[in-house]
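The structure appears below as structure tokens.
The values are calculated or read from the model by the stated rules, or taken from the named source; none is laboratory data. Quantities reported herein were computed from a predicted structural model and do not represent experimental measurements. So basically every Cβ, Gly included, is an ideal-geometry build from the backbone, and we count neighbours across all protein chains shown. What goes into the accessible areas is simple: the full protein's heavy atoms, side chains included, and nothing from ligands, DNA or RNA. Shrake-Rupley method; radii C 1.70, N 1.55, O 1.52, S 1.80 Å.
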Amino acid sequence: MALLSKKDAGLILDPLADNNPITIQVLGICSALAITAELKASIVMSISVLFVMGLGNVVISLMRNIIPSKIRIIVQLVVIASLVIVVDQVLKAFAYELSKTLSVFVGLIITNCIIMGRFEAFALGNGPWRSFLDGIGNALGYAVILIIVGFFRELLGSGTLMGIPVLGDPIEKTGLYSIGYENNGFMLISPMALIVVGIIIWVQRSRNRALIEEN
Amino acid sequence: MEHLELFFKSIFIDNMVFATFLGMCSYLAVSKKVTTAVGLGAAVIFVLAVTVPLNWLLDQYLLRDGALVWLGSEYADYDLGFLSFILFIATIATMVQLVEIVVEKFSPSLYNSLGIFLPLIAVNCAILGGSLFMQSREIGTLALAFNYGVSSGIGWFLAILAIAAIREKIRYSNVPAPLRGLGITFIITGLMGIGFQSFGGMLTGDNEAPEGVENTTVEQIEEKEIKEEIEEQEEAAVSYNQVVNK
């Protein structure tokens with residue numbers, strides 16, 4: 001990692017665990033929960049956010065000295081919206097089925113607070129290269145949670161991963177199903193995403209007691 | 001009838017928070033006290049009621065496939081749908097600014113109670129989500145769009161009110177330390193969401209069954225029992241704590 005100084009590497013590594021955007025900063029929860037019933041959708045969503053955040057942070061950081069602070073929210077929204085339109089059109093062209101599953105949630109990347117939050121907190125005060133790293137780091141932190149939640153919900157809910165059956169065939173009764181295992185359809189309904197994230201927070205905070213909140 | 005159905009559907013069955021997780025960020029951040037939650041909820045109802053009909057007009061006469069036909073027949077095959085994100089968010093951001101200025105001028109008392117929340121709302125996903133769902137569900141008339149805006153706002157209001165009330169009470173119970181604050185809020189919201197799913201059976205006269213109805217009623221009864229059990233446990237924990245404190 002000669003390319004990155006220690007401080008720069010921290011920008012990427014911190015958001016992965018101890019400063020995770022979802023479980024610690026409480027940003028970007030809306031989209032994190034609604035689309036995690038399948039692993040594939042989670043991965044595509046993570047890549048879209050990675051793209052928008054990395055580029056958006058660079059653009060905002062380049063313009064940070066010429067944006068009047070009174071209208072900065074509108075400027076930020078326009079930058080994000082343009083990038084999201086690109087993502088949306090690409091998805092519609094190359095992965096039409098998936099873009100139907102994600103439906104309005106691609107559009108909702110615009111108001112994903114994780115992006116606005118990092119613009120406000122970081123890109124407005126730092127240079128383009130560091131902002132880019134910060135964007136990538138936070139998007140990866142977001143991706144980690146999305147993929148964990150998507151993994152467990154798809155595995156326990158429908159016994160598949162990326163649409164490929166891994167636990168055997170529930171109708172033919174092969175694999176795990178031959179000894180009486182059943183899919184837990186409960187994992188597929190949307191409120192379970194909240195409970196899974198709650199459990200992730202629980203695990204993370206019992207491993208790192210410094211993160212525990214006062215009541 | 002159509003209006004009544006949409007009204008109840010958007011409040012209970014397609015509740016913004018519990019069914020689609022929109023506006024979760026401010027929902028989690030501003031739900032520590034009931035009074036602030038009421039302020040933000042009221043502001044959301046207000047802004048949704050203004051922006052959804054406005055964006056409906058934009059969608060109808062500017063964005064959708066063939067919408068420009070009123071300009072002349074040579075514009076009939078223009079489809080500006082890809083611009084909807086940027087136009088919707090611009091409408092919302094400007095409306096929020098405008099509403100803030102107007103409210104400040106004409107009703108300082110309302111401004112004092114709503115004021116701080118209005119800028120927050122521009123980036124609340126519930127607002128943009130309202131407009132995007134309005135577009136993707138193809139709501140038919142301007143009146144229905146207004147109805148949709150108001151009722152989904154009310155649904156959001158109810159949700160934040162409920163979680164704020166629970167969070168005020170839960171302060172007295174003995175939550176495991178790593179779950180305190182954010183963790184337990186997530187889990188309670190999940191349980192409330194499961195509870196709200198039981199409203200799914202309310203409009204069974206409809207041809208298209210709302211999502212989640214396939215889960216049998218037995219499950220729903222179980223969910224209710226689980227919820228009640230949890231409430232009982234919470235109460236027990238409260239009284240336990242009071243005893244301990246004495």
> Can you give the three extents of the C-alpha atoms in chain A along their principal axes, from longest to shortest, in whole Å?
Replying inline: 65, 45, 40
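Of the listed pairs A:Lys40/A:Lys92; B:Lys32/B:Lys169; B:Lys9/B:Lys169; B:Lys32/B:Lys105; A:Lys40/B:Lys9, which have alpha-carbon separations greater than 22 Å here?
Numbers: A:Lys40/A:Lys92 16 Å; B:Lys32/B:Lys169 10 Å; B:Lys9/B:Lys169 29 Å; B:Lys32/B:Lys105 29 Å; A:Lys40/B:Lys9 30 Å.
Going by Cα-Cα distance, B:Lys9/B:Lys169; B:Lys32/B:Lys105; A:Lys40/B:Lys9 fall outside the 22 Å limit.
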> Calculated FRET efficiency, B:Lys32 and A:Phe186, Cβ-Cβ r, R0 25 Å, to nearest 0.05?
Replying inline: 0.25
> Among B:Lys105, A:Lys92, A:Lys100, what's the order by accessible area (1.4 angstrom probe), most exposed first?
Replying inline: B:Lys105, A:Lys100, A:Lys92
>> Pick from A:Asn57, A:Asn138, A:Asn65 the residue whose mean-square fluctuation is largest in a GNM of chain A, springs joining Cα atoms under 10 Å.
In response: A:Asn65
> Chains B and A: buried accessible surface, both sides, probe 1.4 Å, rounded to 100 Å²?
Replying inline: 3800
>> Nearest 10 degrees is fine. How inclined is helix A:191-207 to the longest principal axis of chain A, computing both from alpha carbons?
In response: 70
>> Which of the three applies to segment A:11-112, rounded, prolate or oblate, going by the alpha-carbon gyration tensor with a ≥ b ≥ c and a/c under 1.5 meaning rounded?
In response: oblate
>> So if I average 1/r over every pair of distinct C-alpha atoms in segment B:2-203 and take the inverse, what Kirkwood radius in Å does that give?
In response: 18.0
> In percent, what relative contact order does chain A have, based on Cα pairs under 8 Å that are 6 or more apart in sequence?
Replying inline: 32
> Roughly how tilted is helix A:128-158, in degrees to the nearest 10 and between 0 and 90, from the longest Cα axis of chain A?
Replying inline: 10
>> Using each residue's phi in segment A:59-73, evaluate 6.51 cos²θ - 1.76 cosθ + 1.60 at θ = phi - 60° and report the 3J(HN,Hα) Karplus result to the nearest Hz, with x for Gly and Pro.
In response: 4, 4, 5, 5, 8, 4, 8, 10, 7, x, 5, 5, 9, 5, 5
> Roughly what would the spin-label model give for A:Lys7 and B:Leu4, points 7 Å off Cα along C-beta, in nm?
Replying inline: 6.7
> What is the distance, in nm, between label points placed 7 Å from the Cα along the Cα-to-Cβ direction at A:Lys92 and at A:Val78?
Replying inline: 2.2
> Taking R0 as 25 Å, what's the FRET efficiency between A:Val166 and A:Lys100 from their Cβ-Cβ distance, rounded to 0.05?
Replying inline: 0.55
>> Taking 8 Å as the Cα distance limit and 6 or more residues as the minimum spacing, I'd like the relative contact order of segment B:2-203 as a percentage.
In response: 41
> Where the accessible area of chain A is counted over protein heavy atoms with a 1.4 Å probe, how much of it, in %, is carbon and sulfur?
Replying inline: 67
